[in-house]
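Below is one structure, written out as structure tokens; the observations come after it.
The values are calculated or read from the model by the stated rules, or taken from the named source; none is laboratory data. All values reported here derive from a predicted model rather than from experimental measurement. No Cβ is skipped: glycine too gets one built from the backbone with ideal geometry, and neighbour counts run over all protein chains shown. Note: accessible area is taken over every heavy atom of the protein model, side chains too, but ligands, DNA and RNA are not part of it. Shrake-Rupley method; radii C 1.70, N 1.55, O 1.52, S 1.80 Å.
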Amino acid sequence: MIGRRLPRLGLATLCLLVSLFALDSLWAERPLSPSERALLEEVGMPHGSFWGHATEEQARKLAALLCSHHNSAMEALLQLEDASQTSETKRLINQNLIMAERILALIEETSKRQGTGEITLFFETGTDTFADNSPEHRRLVRFMDYLARESHGRALFFISIGRASTPGTETENLALSARRARFPQAIIDHYLVNTPHAFYEIYGTGEAESPGRTEREAHRRHQHTRLIAFYAKKKAPAMNPAAPTPAATAKAEGTAKETGAPSAPTPGTQLTAPSLGMHFAWIPPGTFTMGSPKNEPGRDADETTNEVTLTRGFYMQTTEVTQAQWTALMEPNPSYYKECGGNCPVNRVCFTDVQEFIRRLNTMATTGIYRLPTEAEWEYACRAGSTEAFSNGPLLELACAYDTNMDRMGWHNSNSGYILHEVAQKEKNSWGLYDMHGNVWEWCEDRKGPYGKRPQTNPTGPIQGDMRVIRGGSWSSDDRDCRSANRLFVKECNKNAGIGFRLVMEE
């Protein structure tokens, strides 16, 4: 997310900004200027193609540039008030405002051509939120529902422009416009957990200074947030993906016999840890093909096949961490669906919350060390030897979003009634794990990153990045999103009713 608190500005200056950002798409039908061409070259679009043809990476860069140019203009305006009004400062202000306006015009044009459009959310004077089930909340939810249905695997981007005007001070209005720009993100994150998306804030574009003598109706024109949505181009399939290879059986058994070491447990052997009464199943070491073949229905381009070897076996929790297990160590229960009961998965827990739970659990544990699974460990355990979309077979009914294989293994949007369910109510996989497909997404330890092109051993993902991996799909997911190979990336602070976790225990 990009955005910052803006400096103190005068009314005349912000009126100029309002007029610039309120312009229609004047630049969409005319030749690009040298500065615009330079901008598009900076993000890898030298031919000036508009955002409807931008890749996800290019779209992210353009959105970041919009906010950067806007905020740079704000900083320059601060210099203009606090320092000498030099021609160089004025030139910088003008350059950044014009570039920000032109990028915004490209966004507006793309939004129109894609049919994503925009929505204006209105607030009561002086407020920065609206209640659940209010008319504005319902409008925003319907907008999210439409965008998610039409995404077809494309990433969604939002530009949120907050405005404020009350009979208050300049500082109060700027702070209010900032809060209004930020407010829609929590609702967007909640309803788009299955759709990759990014959120960019712009604020300070409303009237920041409104004298008390101004008529109240004049303020009402500026009590809103403008939310513009657009898609990036869907990622193209890999040209020459590696051919799929069968999942290998565990390699450790022969080695143990040769060396005289104790033999490993049989895959799926159950163990009950004294800590919180959690149940675990043995996952043997082995080699498997991570990702999905190019002919798998519902496949995404980031699921490129790659041979992965896990040299160490581990115990994985047979179900998600439940609300009862969570509240035994943590207070309060953060779950959205508390009425589901203590045997339902805990949800609305961000990555850092989970790490604190693990820290407390390891402090009290008398046996074993607990942690989140790596992404490779999660997929290996989910597959349990299967090379198909699900651990019990292929995805059969992509078009109608109802699949008999998926129906037997987990809760998704065609059988869940759009609510959470208790753990272990569906079939377990051949290694004794329940709910690996559906019910709640599950946090992994890895950060977002591409798979390697060469065989890997015990991969752990990139060492840097602000996006983490979640796996498995949820009660609100399509069957394709619950496949063993499907990946989703969210920010560490994401608290969504569809996200939970399960643990790995190392003896």
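Can you report the number of residues in region 331-384 which are of a type in the set (Asp, Glu) and open to solvent by 60 Å² or more (accessible area, probe 1.4 Å)?
So the count comes out to 2.
The rows are residues; the columns are (1) over 30 Å from the mean Cα position of the chain (by Cα); (2) of a type in the set (Phe, Trp, Tyr).
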site: Pro265; (1), (2): yes, no
site: Phe280; (1), (2): no, yes
site: Pro284; (1), (2): yes, no
site: Pro297; (1), (2): no, no
site: Phe314; (1), (2): no, yes
site: Gln317; (1), (2): no, no
site: Glu320; (1), (2): no, no
site: Thr327; (1), (2): no, no
site: Asn333; (1), (2): no, no
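Among all residue pairs at least 6 apart or on different chains, which show Cβ distances below 6 Å where the first residue, located in region 112-136, is among the basic types (Lys, Arg) and the second is open to solvent by less than 80 Å² (accessible area, probe 1.4 Å)?
Arg113/Gly52
Select from region 101-126 the residues that are open to solvent by 10 Å² or more (accessible area, probe 1.4 Å) and in contact with a His (Cβ under 7 Å, 6 or more places away or on another chain) and write down the one among them that is farthest from Tyr231 (Cα to Cα).
The residue in question is Thr125.
Report, by residue number, each residue of region 283-302 that is part of a loop (DSSP other than H, G, I, E, B) and among the aliphatic types (A, V, I, L, M).
Looking only at region 283-302, we keep the residues that are part of a loop (DSSP other than H, G, I, E, B), and these are 284-285, 291-302.
Within region 283-302, Ala301 is the sole residue that qualifies.
When you go through (1) free of Cβ contacts under 8 Å to residues at least 24 places away in the same chain; (2) closer than 22 Å to Tyr434 by Cβ one by one for Asn362, which number turns out not to apply?
Of everything listed in (1) free of Cβ contacts under 8 Å to residues at least 24 places away in the same chain; (2) closer than 22 Å to Tyr434 by Cβ, Asn362 misses just condition (2).
Could we say that Lys428 is within 18 Å of Phe357 (Cα to Cα) and basic (Lys, Arg) here?
no
For region 464-505, how many residues are under 19 Å from Asp302 (Cβ atoms), assigned to a loop (DSSP other than H, G, I, E, B) and open to solvent by 10 Å² or more (accessible area, probe 1.4 Å)?
6
If we keep just the residues of region 431-453 that are basic (Lys, Arg) and part of a loop (DSSP other than H, G, I, E, B), which is surrounded by the most Cβ atoms within 10 Å (Cβ to Cβ)?
Lys448
Can you name the number of the only condition in (1) hydrophobic (A, V, I, L, M, F, W, C); (2) at pLDDT below 80; (3) not in a helix (DSSP H, G or I) that Ala218 fails?
(3)
Given the conditions (1) under 24 Å from the mean Cα position of the chain (by Cα); (2) at pLDDT 90 or above, report the number of the one that Asp407 does not fulfil.
(1)
Take the conditions at pLDDT 90 or above and either open to solvent by less than 10 Å² (accessible area, probe 1.4 Å) or over 14 Å from the mean Cα position of the chain (by Cα) (or both) and apply them to Lys428. Does it pass?
In short, yes.
Taking region 265-282 as the region of interest, how many residues are outside any loop (DSSP other than H, G, I, E, B), in contact with a Gly (Cβ under 8 Å, 6 or more places away or on another chain) and open to solvent by 10 Å² or more (accessible area, probe 1.4 Å)?
Within region 265-282, residues that are outside any loop (DSSP other than H, G, I, E, B), in contact with a Gly (Cβ under 8 Å, 6 or more places away or on another chain) and open to solvent by 10 Å² or more (accessible area, probe 1.4 Å) number 2.
Tally time: how many residues in region 454-463 are part of a loop (DSSP other than H, G, I, E, B) and surrounded by 16 or more Cβ atoms within 10 Å (Cβ to Cβ)? If you could, list the steps in order and put the result at the bottom.
Taking region 454-463 as the starting set, the residues that turn out to be part of a loop (DSSP other than H, G, I, E, B) are 454-455, 458-463.
Retained after the next criterion (residues that are surrounded by 16 or more Cβ atoms within 10 Å (Cβ to Cβ)): 459, 461.
So the answer is 2.
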